[in-house]
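J.: One structure, as structure tokens, below. Some questions next.
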Amino acid sequence: MDSAGMQSELRYRQIHLDFHTSEHITDVGARFDAEQFAATLKRGNVNSVTVFARCHHGWAYYPSRVCKPHPHLKRNLTGEMVAACRKHDINVPVYITVQWDERMARENPGWRVMHAEQEAGSSLYQLKAQWHTLCLSNQPYIEYLKAQTKEVIELFAPDGLFFDILLLWRCVCPNCVARMQAAGRNPDSEKDQLANHRELVLKFYEEMGECVKSVAPEMRIFFNSGHVYKGERERWKYFSHLELESLPTGGWGYDHFPVSARYANTLGMEYVGMTGKFHTSWGEFGGYKRPVALEYECALMVALGARCSIGDQMHPCGELEEATYETIAPAYARVAALEPYVKGARPVSEVAILSSEAVHRGRGAHEEQDCGAARMLLEMQVMFDVIDAEEEFGKYKVVILPDDITLEGALAEKVNAYVSGGGKLVMSGASGMRPDMGGFAVPLRAEVKGMSEWQPDYVEAAVGLDEDLVEAPFVMNHRAHKVKARGAEVLAWVHAPYFNRSWEHFCSHQHAPYRRERCSEYDALIQDGGIVYFSHPIFMAYYDKGQPLYKYLVRGVLRRLLPQWNVEVNLPSSGRISLMRQAAERRTLLHVLYAQPQLRGERGFGWMAPQKMEIIEDTVPLYGVPCAVKMEEKPKRVYAAASGKERAWVYTDGYVRFELERVKIHELTVIEEA
Ligand SMILES: [Zn+2]
């Protein structure tokens with residue numbers, strides 16, 4: 001924070017520096033050298049680093065009146081890091097751990113989260129090498145955190161505060177049981193346990209937020225819960241910005257960040273994407289990611305409107321590993337060159353996914369319906385946002401309701417108003433039906449007759465729906481709703497199997513073949529005006545099976561509803577695009593990215609694991625990529641952001657058309673508007 005009391009600028013090239021250092025390690029910080037520290041960051045093209053005040057082992061790294069410093073630390077490490085950064089114009093937010101503090105858990109075992117029964121990863125296991133979580137119902141611990149926070153602000157005047165580990169636990173410690181009983185909740189119910197803990201987390205946001213505001217009203221604050229929950233806008237009141245923890249090789253995978261980012265964008269808050277320098281995830285000493293992977297990850301972040309943060313962990317001796325910053329340098333050089341073209345840019349999206357996670361608040365943080373729909377749109381290079389029910393639907397030409405969004409009350413009214421205003425709707429499975437699933441809550445002329453008895457069944461698409469569909473029935477493993485068009489147009493039919501596979505009758509290695517005649521009881525895909533409905537939960541099915549034909553069905557439907565897309569780029573399915581606009585500069589920006597993550601390594605790491613490891617080891621350039629971007633008027637100029645070189649372009653039929661000679665990881669084209 002500077003003396004004028006202005007909020008610090010949220011920078012584009014950040015490091016999140018972990019330093020969870022056991023008391024069994026000596027000479028902590030002994031080799032720290034302020035100049036080496038700053039020079040190494042500079043060589044990595046870093047301009048902001050989040051340094052630690054207190055770590056998960058519970059130790060402070062400065063002489064504190066409130067917390068115990070690390071027993072083998074003989075200097076003011078936090079203070080020296082802050083001073084080194086100040087001298088070299090590197091922003092320096094400070095990290096404070098919240099629910100993981102091993103020293104406190106050891107000295108105050110009654111403050112620990114307690115589970116009703118044994119469960120994997122339970123913090124009850126005393127003799128396990130793992131963090132023992134503290135419950136936020138213990139006010140003395142909260143007071144301790146507040147005192148340290150005030151001290152950190154007073155001593156270091158940091159550029160922001162990063163509070164870590166505010167997760168949902170099913171705690172039934174005596175405090176939590178009393179809280180639940182007082183609130184009329186059932187301590188034996190998982191739902192009530194989670195609701196109680198969520199309340200404690202939100203109460204902490206508020207209490208700490210007010211505490212910080214009382215001494216530093218402009219201080220940046222972020223509370224890390226490992227996920228940006230969709231449809232919980234009340235959470236962000238005390239946040240100055242969001243940080244999207246999403247380490248592609250750390251259990252999140254490469255498709256988590258884009259989904260999270262396309263939601264964060266709709267909230268209108270500045271946000272940071274967070275990856276890691278590790279081969280796997282946090283705490284991996286001696287783990288290195290390939291520089292090209294970091295280049296791709298950071299380019300994707302800025303393409304979607306995020307700032308970048310790369311996680312690192314400093315060696316206990318206090319020296320930054322030069323090799324790490326050599327792997328980071330190319331990524332951050334690329335970001336530095338892009339900064340003028342990404343600042344203030346907003347997405348130009350015409351399709352929205354109404355998030356299942358947002359509609360079913362509190363059910364889960366990783367909804368397969370949302371991921372399946374997003375994956376399809378990413379792979380077909382359609383610009384989209386992920387939205388919650390509070391978002392204005394009228395901004396979008398098409399809204400997708402994936403698989404399990406039944407409609408009633410205010411949401412039903414909102415969806416119907418959108419449709420009657422000319423909005424197009426794509427629904428699947430139970431989506432669009434009333435909660436009793438006896439009929440639709442939107443004007444779709446079709447009859448609903450419960451769930452299909454067949455699993456799997458087969459889909460026969462209308463000829464010409466999409467050029468890549470096969471002209472034969474293809475298998476669909478997920479059970480359909482029996483929905484029959486009664487006036488609506490049929491775009492795909494169902495073929496029942498001879499029988500479901502059972503001990504009584506089976507055929508060949510998997511399921512029974514399809515009957516030659518179309519099933520008369522229900523259809524697979526119907527359209528009534530601007531509403532399209534899939535009887536199968538097609539997005540979940542795609543997430544589960546990855547069958548490209550499912551995606552081609554959806555693509556065929558999108559082409560019918562929206563014959564002209566606002567951007568058309570001819571890319572392989574692992575290519576990614578982002579269409580952004582800088583309103584102040586009157587610039588439209590087309591980001592094209594290409595890398596091919598591969599599954600290698602059987603077991604990943606992380607609390608979202610077990611997921612297999614997705615790796616980018618090397619990248620192959622693409623040549624001659626045709627692009628077309630819809631523009632109201634003929635633009636003034638079209639050029640490559642990196643080189644400033646003019647692209648050859650034409651303006652026909654409302655599109656500016658050009659070809660990218662070469663795409664190596666990422667290529668940004670700047671279109672200067674008339
Ligand atoms: Zn508790």
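J.: For segment 630-654, which residues satisfy the criterion of being surrounded by fewer than 18 Cβ atoms within 10 Å (Cβ to Cβ), assigned to a strand (DSSP E or B) and not charged (D, E, K, R)?
T.: 639, 640, 650, 651, 652
J.: A follow-up question, please. For segment 416-470, what are the residues that are of a type in the set (D, E, K, R) and touching a strand residue (DSSP E or B) at 6+ places or on another chain (Cβ under 6 Å)?
T.: Scanning segment 416-470 gives 424, 445, 447, 449, 457, 460.
J.: Can you find a residue that is buried (at least 22 other Cβ atoms within 10 Å of the Cβ) and over 30 Å from residue 234 (Cα atoms) anywhere in segment 257-277?
T.: Checked segment 257-277: at least one residue is buried (at least 22 other Cβ atoms within 10 Å of the Cβ) and over 30 Å from residue 234 (Cα atoms).
J.: Across segment 185-198, what is the total count of residues that are within 14 Å of the ligand (Cβ to nearest atom) and more than 24 Å from the chain's Cα centre (by Cα)? Step through it out loud before you land on a result.
T.: Restricting attention to segment 185-198, the residues satisfying the condition of being within 14 Å of the ligand (Cβ to nearest atom) are 185, 187, 192-198.
Now narrow it down to the ones that are more than 24 Å from the chain's Cα centre (by Cα): 185, 187, 192-193, 196.
Looking only at that region, the number is 5.
J.: Which of the numbered conditions does residue 201 fail, given that it passes all the others? Conditions: (1) under 21 Å from the mean Cα position of the chain (by Cα); (2) over 20 Å from residue 133 (Cα atoms); (3) within 16 Å of the ligand (Cβ to nearest atom).
T.: (2)
J.: Over 28 Å from the mean Cα position of the chain (by Cα) and at pLDDT 95 or above: which single residue out of 451, 376, 427, 380 fits that description?
T.: Only one candidate qualifies: 451.
J.: Among the residues of segment 469-491, what is the count of those that are part of a strand (DSSP E or B), in contact with a Phe, Trp or Tyr (Cβ under 8 Å, 6 or more places away or on another chain) and of a type outside the set (Val, Ile, Thr)? Reasoning before the result, please.
T.: First pass over segment 469-491, keeping only residues part of a strand (DSSP E or B): 474-476, 481-485, 489-491.
Now narrow it down to the ones that are in contact with a Phe, Trp or Tyr (Cβ under 8 Å, 6 or more places away or on another chain): 474-476, 481-484.
Among the residues that remain, those that are also of a type outside the set (Val, Ile, Thr) are: 474, 476, 481-482, 484.
Adding up the residues that qualify gives 5.
J.: Follow-up question, since we're still on this one. Among the residues of segment 167-177, are any of a type outside the set (Phe, Trp, Tyr), within 25 Å of residue 20 (Cα to Cα) and over 25 Å from the mean Cα position of the chain (by Cα)?
T.: yes
Yes/no matrix, rows are residues, columns are (1) more than 25 Å from residue 306 (Cβ to Cβ); (2) not in a loop (DSSP other than H, G, I, E, B):
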position	(1), (2)
571	no, no
590	no, yes
602	yes, no
628	yes, yes
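J.: Now a separate question. Listed residues 369, 381; which is polar (S, T, N, Q) and outside any helix (DSSP H, G or I)?
T.: Values: 369 fails: outside any helix (DSSP H, G or I).
381 is the lone residue from the list that is polar (S, T, N, Q) and outside any helix (DSSP H, G or I).
J.: Right, something else. Mind listing just one residue for me: the one in segment 121-163 that is assigned to a strand (DSSP E or B) and under 16 Å from residue 216 (Cα atoms) and, of those, nearest to the ligand (Cβ to nearest atom)? Give the steps one after another, and end with the answer.
T.: Looking only at segment 121-163, we keep the residues that are assigned to a strand (DSSP E or B), and these are 133-134, 161-163.
Going one step further and asking which of them are under 16 Å from residue 216 (Cα atoms), we end up with 161-163.
Values: 161: 24, 162: 24, 163: 18 Å.
Going through the qualifying residues, I end up with 163.
J.: From the list 410, 389, exactly one residue is assigned by TED's automatic domain parsing to the domain that holds residue 535, small (Gly, Ala, Ser), at pLDDT 95 or above and not in a helix (DSSP H, G or I). Which is it?
T.: Values: 410 fails: not in a helix (DSSP H, G or I).
When all the criteria are applied, what remains is 389.
J.: Something else about it: What number of residues within segment 335-366 satisfy the criterion of being assigned to a loop (DSSP other than H, G, I, E, B) and either modelled with pLDDT of 95 or more or of a type in the set (Gly, Ala, Ser) (or both)? If you could, list the steps in order and put the result at the bottom.
T.: Taking segment 335-366 and keeping what is assigned to a loop (DSSP other than H, G, I, E, B), we get 343-345, 348-350, 355, 360-366.
Then drop every residue that is not either modelled with pLDDT of 95 or more or of a type in the set (Gly, Ala, Ser) (or both), which leaves 343-345, 348-350, 355, 362, 364-365.
Residues in segment 335-366 being assigned to a loop (DSSP other than H, G, I, E, B) and either modelled with pLDDT of 95 or more or of a type in the set (Gly, Ala, Ser) (or both): 10 in total.
J.: Also, I was wondering about something else. If residue 171 satisfies all but one of (1) closer than 22 Å to residue 386 by Cα; (2) touching a strand residue (DSSP E or B) at 6+ places or on another chain (Cβ under 9 Å); (3) not in a helix (DSSP H, G or I), what's the number of the condition it fails?
T.: Failed condition: (1).
J.: Please give the number of the condition residue 430 fails out of (1) surrounded by fewer than 24 Cβ atoms within 10 Å (Cβ to Cβ); (2) assigned by TED's automatic domain parsing to the domain that holds residue 526; (3) assigned to a helix (DSSP H, G or I).
T.: Exception for residue 430: condition (3).
J.: All but one of (1) in contact with a strand residue (DSSP E or B) (Cβ under 6 Å, 6 or more places away or on another chain); (2) on the phi > 0 side of the Ramachandran plot hold for residue 318; state the number of the condition that does not hold.
T.: (1)
J.: Grab the strands (runs of 3 or more DSSP E) fully contained in segment 1-118, keeping just those with 2 or more residues being under 31 Å from the mean Cα position of the chain (by Cα) and without any contact (Cβ under 8 Å) to a residue 60 or more places away in the chain.
T.: Working: elements: 13-18, 48-54, 94-97.
Hits in segment 1-118: 48-54.
J.: Here's a follow-up. If you go through segment 164-173 one residue at a time, do you hit one that is in contact (Cβ under 8 Å) with a residue 60 or more places away in the chain, in contact with a Pro (Cβ under 6 Å, 6 or more places away or on another chain), under 29 Å from residue 215 (Cβ atoms) and more than 9 Å from the ligand (Cβ to nearest atom)?
T.: No, segment 164-173 contains no residue that is in contact (Cβ under 8 Å) with a residue 60 or more places away in the chain, in contact with a Pro (Cβ under 6 Å, 6 or more places away or on another chain), under 29 Å from residue 215 (Cβ atoms) and more than 9 Å from the ligand (Cβ to nearest atom).
J.: In segment 565-602, which residues are surrounded by 21 or more Cβ atoms within 10 Å (Cβ to Cβ) and polar (S, T, N, Q)?
T.: Across segment 565-602, the qualifying residues are 578, 588.
J.: Could you list, in sequence order, all residues of segment 639-655 that are under 31 Å from the mean Cα position of the chain (by Cα) and among the aliphatic types (A, V, I, L, M)?
T.: 640, 641, 642, listed by residue number.
J.: Given the condition within 14 Å of the ligand (Cβ to nearest atom) and in contact with a Leu (Cβ under 7 Å, 6 or more places away or on another chain), answer yes or no: does some residue in segment 206-226 qualify?
T.: Within segment 206-226, the first condition is being within 14 Å of the ligand (Cβ to nearest atom), and the residues that meet it are none.
No; the residues of segment 206-226 include none that is within 14 Å of the ligand (Cβ to nearest atom) and in contact with a Leu (Cβ under 7 Å, 6 or more places away or on another chain).
The values are calculated or read from the model by the stated rules, or taken from the named source; none is laboratory data. On a predicted model such as this, the values are computed, not experimentally measured, just so you know. Because the Cβ atoms are built from the backbone with ideal geometry, glycine has one as well, and the counts that use them run over all protein chains shown.
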